[in-house]
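This report concerns only the one structure given below.
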Ligand code: NAD
């Protein structure tokens, strides 16, 4: 679908200053005459392809990734079509610049990068007027909202209001990867203070200079926000993003059956990891029911993955109790077992009867897992003896080092392949380069959530689903896994090439929408040609003709 060519009476300089309408030098001769643009642009009429080539060259010439990020955001601020054409056509190169890892640096320096506001900032001072704030947003058909309170930005901790870079970046991926219309996306920062001492002492900090509110006033702000969304943007889905884990689990639990919402750190991560597990089973010839999973880290990512694996096992006829017993966790205090009295509620459902074990290496020896999954944020914790032990118990040991950014990975791709003599089935959270061992090239998989959430979001939008269910992430994982080719697997890659992301998202969206129709989660009737309907709703970043 092309951007809607509604000019809203705009002409001349106003048109050039509207990022959704601006075409820059690509305005045709006829458009320049008809729309009062003559003389406001250099004489050469450029094609969009010429513009993309020029921008790409400029991006590559920038000295640092942060400079590249700043340049790309400024392009987005003046010409969204061109920005999305560039990102869509060069997604493998652009994604690490507009999202993780570069967006993390950008959030840390947000005060200096911030030029034009993008999205809505809602602080505790705004209680009682959140509805009016939402009404200030210039677009009225909002369908996807990404909201954060900035408490746990990537692996970087509490970045307060600077965390706004995350909703902005994530929504760009909804558009680039799944064709969600840019004017249907709304980034929101719920500023409830920060416990980041450096920011509190920094005159340039852009947020509220107060310690983080953790009491009823926080819950009241979130509740007012969620209620106001239902009233002002009733067709919007709310994605909770990068909340600290105490709030993340609590808010998801509280709102998931009341409004259309999900948490990508919990549910999206689970989807992408389950897809990786399915691909790994194709490589090791196993079945889900005969795996034993050991997680390092029992937070949002780890518990989310475990819960979805349990759903997948139940779908194969395994009882819930037996399914949970296939998933084991080591956190900072050792193995999560039922005799421990220090467990947060989200860990308790995976606390099994077992003697206490105080280290990962001892847990590996005791449990002999088939799959080892790192979601701890603790680098180099998959040590050589641990990885070698996995290779001793398993012909094809599965090692997922998912902690981000790269510096936090539990082990590197090179280590996993070297210590297992090339037998490891490896995936990471951040990309690792290809690795050659004994003349064979391995292409490490990246368990990037962008494989899942944009397609899920598009499916929700297309079906106007009123709720987001775990089943939707389950089918998304299955679709993603089904798109991994034999050629991918032969190279050790357990996810499809990122360049196929729009195709992946379209298929996921179709499957997710089908769940919404089958489960009665929408008032819409299911169109016969659902797959082509979904595709026809995807935004194409080509310029409209205005005359
Ligand atoms: P979280 O804060 O909710 O959980 C972290 C968990 O690690 C906690 O259970 C904590 O107890 C545990 N932990 C801390 N130190 C430990 C130690 N020394 N040994 C064992 N466990 C320890 O965070 P999260 O959202 O679950 O994210 C965890 C990591 O996973 C982050 O680095 C994040 O970047 C990464 N992640 C990756 C993906 C992906 O690759 N697709 C998605 C989400 C999160």
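Size descriptors for the range 438-547, from the alpha-carbon set: Rg then Dmax equal 16.3, 61 Å. Between the range 447-516 and the range 1-50, the C-alpha centres lie 36 angstrom from each other. With contacts taken as Cα pairs under 8 Å and at least 6 residues apart, the range 165-272 reaches a relative contact order of 16 percent. Consider all pairwise Cα distances in the range 306-409 and report the whole-number % of them above 23 Å. Roughly 30 percent, once rounded to a whole number. Working ranking of peptides 446-454, 345-353 by packing, defined as the average number of other Cβ atoms within 10 Å per residue, highest first, is 446-454, 345-353.
Which of the peptides 151-164, 215-228, 14-27 is most tightly packed, and how do the rest follow, going by the mean number of other Cβ atoms within 10 Å of each residue? Walk me through the numbers before you get to the answer.
On the way: 151-164: 23.6, 215-228: 15.9, 14-27: 18.6.
Final packing ranking: 151-164, 14-27, 215-228.
Counting beta carbons within 10 Å around each of 54, 443 and listing the fewest first gives the order 54, 443. Over the Cα atoms of the range 238-286, the radius of gyration divided by the Kirkwood radius equals 1.16; this is the Rg/Rh ratio. In the chain, the longest principal axis of the Cα atoms and the axis of helix 245-255 are about 70 degrees apart.
Hey, can you rank 75-85, 122-132 by average C-beta count inside 10 Å, highest first?
Working: 75-85: 21.6, 122-132: 15.4.
In descending order of packing, they fall as 75-85, 122-132.
For a Förster distance of 30 Å, can you work out the FRET efficiency between the beta-carbons of residue 140 and residue 526, rounded to the nearest 0.05?
Details: r = 27 Å, r/R0 = 0.88.
So, using R0 = 30 Å, E works out to roughly 0.70.
Per DSSP H run of at least 4 residues, take -39500 (n - 2.57); add these up for the chain, divide by its residues and hand me the 222 nm value, nearest 500 deg cm²/dmol. -12500 deg cm²/dmol, from helical runs alone. A straight line joining the Cα centroids of the range 283-307 and the range 189-244 runs 32 Å. Extension gain for residue 11 to residue 332 (0.36 nm times residue separation, less C-alpha to C-alpha distance): 109.5 nm.
The three principal axes of the Cα atoms in the chain give end-to-end lengths of 77, 58, 53 Å, sorted in falling order.
Could you work out the relative contact order of the range 451-537, using alpha carbon pairs under 8 angstrom and six or more residues apart, expressed as a whole percent? List each step's numbers first, then the result.
Details: 112 pairs, mean separation 37.5, N = 87.
Relative contact order, the range 451-537: 43 percent.
Relative to the longest principal axis of the Cα atoms of the chain, the long axis of helix 470-482 lies at roughly 90 degrees. Residue separation of residue 53 and residue 342 scaled by 0.36 nm, minus their Cα-Cα distance, works out to 98.4 nm of gained length.
For the range 100-215, the relative contact order comes to 31 percent (Cα pairs under 8 Å, sequence separation of at least 6). Computed extension gain for residue 38 through residue 109, at 0.36 nm per residue and net of the alpha carbon distance, reaches 21.7 nm.
Of interest is the spacing of the C-alpha centroids, which for the range 309-356 and the range 139-172 amounts to 31 Å.
Laboratory data are not the source of any read-out in this text; all were calculated from the coordinates shown. All values derive from a computational prediction rather than experimental measurement. Ideal geometry is used to build each Cβ from the backbone, glycine not excepted, and the neighbour counts take in all protein chains shown.
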